[in-house]
Amino acid sequence: MSQKRLDGRVVLVTGASSGIGRATAIALANEGATLVCCDLKAEANPKGYEKDLAKPTADLIVENGGKAIFQKVDISNFDQIEAAFDTALQEFQRVDIVVNCAGFWAPFRKFADEDDELWSKMLQVNTAGTSKMSRVAIRQFLKQDVDESWGSRGRIVNISSCAANIAYAGEVAYCATKAAINHMTRAGAIDHAPDSININCIAPGVVATGMARGNLENKDILQTMKGATPWPRLGIPEDIAQAVLFFCLPVSQWITGQVLSVDGGMTLGVPA
Ligand SMILES: NC(=O)c1ccc[n+]([C@@H]2O[C@H](COP(=O)([O-])OP(=O)(O)OC[C@H]3O[C@@H](n4cnc5c(N)ncnc54)[C@H](O)[C@@H]3O)[C@@H](O)[C@H]2O)c1
């Protein structure tokens, strides 16, 4: 059997049941990785666009000949994060890659109308959850040797948002907590580059997932989003998954601390 590019790698993906996380888990499994699919529940977001929505991600991977398990994790619950790593180590003895994809978004409102409850949830999930997953991952990577054929001791790929790079109206808490992920990526990467640990980030534009469906089905919002995206189409989860894959491959071993916009040009400037 031919060697695949992620053969032998063990990967934890959060938000793996739906949308971008699901496409990422599948893309990495197709390259030979063993997946720990972490999410609040195994079932996909029912508002998603996946053709095989009824089938949990791990089941889909296993059916296609890959290796995957589901692990229930709320990334705002730090005990559950530690339990997920314990499970990964018990089952597969190592963790090579963590993809921090789980995130929380809430429909638009003015800054003055945001409350402490919203801010607390956004901070706990988007910022603290990503931070906790990353810190536990790095501690594990530090116990593992640098793999010379791969070039790294371990890798983290964060998913922020185009809203982390530029400001969007009606999304202050989301913009701020996602911007924190961009900078956590850079600051964390400086600390751990000497350890051969890569930390990179993808900032997606508008991607057709369950999270975005409410916006995509609103004629006015859709028109605004299309108008703000210079590329002739909006995104699909695979656009993001393939960029995540790049950050996991041997060829990207000397790249760290980078935030890659995968957004059809949305954050380049004002389109014509
Ligand atoms: N879809 C877009 O247009 C878009 C744009 C920019 C950024 N993003 C980001 O991409 C990521 C994935 O979103 P998506 O669009 O695929 O949405 P989605 O709803 O399809 O998937 C999100 C998944 O994350 C899980 N999740 C939510 N909170 C969690 C938690 N606390 N712990 C564990 N899992 C949790 C959900 O159960 C769901 O399965 C999010 O971080 C989102 O902010 C999405």
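Side notes on the structure shown:
- Taking every alpha-carbon pair under 8 Å whose residues sit at least 6 apart, the chain reaches a relative contact order of 19 percent.
- Degrees separating the helix 19-30 axis from the principal Cα axis of the chain, which is the longest one: 30
- For the stretch 106-261: rounded, prolate or oblate by the Cα gyration tensor [a/c cutoff 1.5]: oblate
- Taking label positions 7 Å along the Cα-Cβ direction at both Lys55 and Asp195, the computed distance is 3.8 nm, reported to one decimal.
- Rounded to 10°, Cα long-axis angle of helix 172-192 versus longest principal axis of the chain: 30
- Using 0.36 nm per residue and subtracting the Cα-Cα separation, the extra length available between Arg213 and Ala42 on full extension is 59.6 nm.
- Taking N as the residue count of the chain, its C-alpha radius of gyration divided by 2.2 N^0.38 Å amounts to 0.96.
- Sequence-ordered 3J(HN,Hα) estimates for the stretch 211-221 from the Karplus curve with 6.51, -1.76 and 1.60 and θ = phi - 60° stand at 4, 8, 4, x, 6, 5, 8, 9, 3, 5, 5 Hz, glycine and proline given as x.
- Phi angles of the stretch 56-61 translate, via the Karplus equation with coefficients 6.51, -1.76, 1.60 and θ = phi - 60°, into HN-Hα couplings of x, 3, 4, 4, 4, 5 Hz per residue; Gly and Pro are given as x.
- Label zone of Ile221 (point 7 Å out along Cα→Cβ, amide N under 16 Å): in the stretch 155-196 this covers 162-163, 168-175.
- Unsatisfied cross-links (Cα-Cα over 25 Å) in the set Lys121/Lys143; Lys121/Lys219; Lys51/Lys226; Lys132/Lys226; Lys67/Lys121; Lys110/Lys219: Lys121/Lys143; Lys121/Lys219; Lys132/Lys226; Lys67/Lys121
- Highest-fluctuation residue, Asp147, Asp115, Asp39 considered, GNM on the chain with Cα pairs under 10 Å: Asp115
- For the stretch 138-154 versus the stretch 209-267, the gap between their alpha-carbon centres in whole angstrom: 29
- Rounded to the nearest 20 debye, dipole of the chain from Cβ charges on Lys, Arg, Asp, Glu: 340
- Among Asn45, Ala68, Gly227 - extreme Cα towards positive end, dipole of the chain, charges at beta-carbon: Gly227
- Helical mean residue ellipticity (222 nm; -39500 (n - 2.57) per DSSP H run of 4+; nearest 500) of the chain: -11000 deg cm²/dmol
- Residue ranges 187-195, 240-248, 8-16 sort as 8-16, 240-248, 187-195 when ordered by packing (mean number of other C-beta atoms within 10 Å per residue, highest first).
- Here each label is just a point 7 Å from Cα along the line to Cβ, and for Lys121 and Glu91 those points are 2.8 nm apart.
- Highest average packing first - 174-184, 26-36, Cβ atoms within 10 Å: 26-36, 174-184
- Estimated inter-spin distance, Arg109 and Asp79, nm [label 7 Å along Cα→Cβ]: 2.9
Here, each number is a calculation from the coordinates, and none is a lab measurement. Keep in mind the model is a prediction, meaning the values are calculated, not measured. Quick reminder, even Gly has a Cβ in these numbers, built from the backbone with ideal geometry, and neighbours come from all protein chains shown.
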